[in-house]
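Written out below as structure tokens is the structure these notes cover.
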Amino acid sequence: MAQAKSVASSTKPSSRTGPKSASVKTSPFKVFLSHQTASKLADRKLKLSVAALMETLGERIAESEASGQATSFVVEVDADGRPHVRGAGEPAAPSITQSATPVAVDDELEQALTAARARGRHRAAEILAGEEMLSADAFAELLGVSRVTVNAKRQKHEVLALEGARRGFRFPAWQLDENGRPFAALPQIFDRLGDSPWTVYRFLVQQHSELDGQSALDALRRGRDDEVIEVAESVARGAFA
């Protein structure tokens with residue numbers, strides 16, 4: 001897979017051997033691309049697709065900064081050579097073969113990235129400030145256990161807790177079943193999707209065609225645990241194939 005090389009802002013040409021390269025300048029660094037790659041990315045419509053990719057990257061960066069956890073997204077390239085971006089918790093679009101593609105970044109995309117990061121931080125703060133997001137003490141009271149027990153469950157991925165830059169951990173009140181207990185499938189969902197609570201959160205609140213258009217959260221409320229776990233495993237295969 002081709003790799004972009006970060007260099008100083010000097011305009012001197014690359015001394016590497018091989019095909020002649022074109023450079024696309026950004027404010028902090030340059031990305032060197034082959035002429036073939038640069039010409040592919042010059043198309044205006046494709047450039048907008050790349051801009052969407054960079055906005056998603058910015059949102060994930062802001063999200064990881066807010067939560068202190070790793071996060072991810074998937075880049076897919078269709079048969080026409082156009083990239084499509086989806087979150088790790090979203091189903092793949094039909095007839096799209098997943099691939100990786102070099103990205104050219106210019107000043108316009110750098111501005112889009114900066115704006116996307118700001119939106120991502122704002123959105124994460126909005127989520128954490130929601131009424132359904134409880135502190136560890138409030139969630140412990142809801143469960144009828146101690147705060148120590150809640151933190152132990154969080155560390156074992158038996159409950160979902162989202163972490164922000166300032167508010168500490170917040171526990172969605174909706175992660176309890178009809179008996180007032182955390183969904184039994186949560187540890188297995190974490191096992192499939194990884195350790196990022198934000199990834200699990202997105203998976204739970206998003207709608208999935210495999211669940212008849214329901215969100216994973218609604219499916220868990222209806223006792224469809226095995227189906228939800230299967231969808232999480234399918235999502236994980238799509239993200240890391």
- Query: Gain in length, Glu178 to Ser215, computed as 0.36 nm per residue apart minus the alpha-carbon separation, to one decimal in nm?
  - Reply: 11.6 nm
- Grab the beta carbon distance between Glu233 and Thr149, set R0 = 35 Å, and tell me the FRET efficiency rounded to 0.05. 0.75
- With r defined as the distance between the Cβ atoms of Asp195 and Gln111 and R0 fixed at 30 Å, what FRET efficiency is calculated, to the nearest 0.05? 0.40
- Query: For Gln214, which sequence-distant residues (separation of 5 or more, or a different chain) have an amide H within less than 5 Å of its own amide H, given hydrogens modelled in the peptide plane?
  - Reply: His208
- If packing is taken as the mean number of other Cβ atoms within 10 Å per residue, what is the order of 153-163, 191-201, 133-143, 173-183, highest first? 191-201, 153-163, 133-143, 173-183
- Show His122, His208 ordered by accessible area, largest first, where the area counts protein heavy atoms only and the probe is 1.4 Å. His122, His208
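The values are calculated or read from the model by the stated rules, or taken from the named source; none is laboratory data. Only a predicted model underlies this, so the values are computations on that prediction, with no experimental measurement involved. Backbone-built Cβ (ideal geometry, glycine too); neighbour counts: all protein chains shown. Just so you know, the surface numbers come from the protein's heavy atoms only, side chains and all, with ligands and any DNA or RNA stripped out. Shrake-Rupley method; radii C 1.70, N 1.55, O 1.52, S 1.80 Å.
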